[in-house]
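Values quoted throughout were computed directly from the atomic coordinates according to the rules given, and no laboratory measurement underlies them. Note that the structure is predicted; figures quoted are calculated from it, not measured.
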Amino acid sequence: MTQEPSTLYAKLLGETASISWKELEPFFARGALLWVDAELDLIDAAQAVAQNEAEKVAAWLAEGKVEKLSAPRASDLFERDPQLWAVVVSPWILFQERASS
């Protein structure tokens, strides 16, 4: 990225936090979770959703890089309980697994 981060990007970055699956489970039950593939920058994805960049988000949805959390993936998260990273873009919570250090 050659340009300065946008104000929205910086705001979303500041609102991003570590979270456990147990804390996200109630939002899964409400259908409010969007899983973001580790190949994508979580904040870029959140910014695209927030700015209603429909073509970009639709392409990610079609590629399976962003998806409404499925029951099998939720079950996997429950079993493994990995470190997660999340940000709220109402009405959604976008999240992904934290990279291993």
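Roughly how compact is segment 7-97, stated as its Cα Rg over 2.2 N^0.38 Å to two decimals?
1.01
Within the chain, which complete DSSP H helices have Cα atoms spanning at least 18 Å along the helix axis and a mean Kyte-Doolittle hydropathy of 1.6 or higher?
Span-like helices in the chain: none at all.
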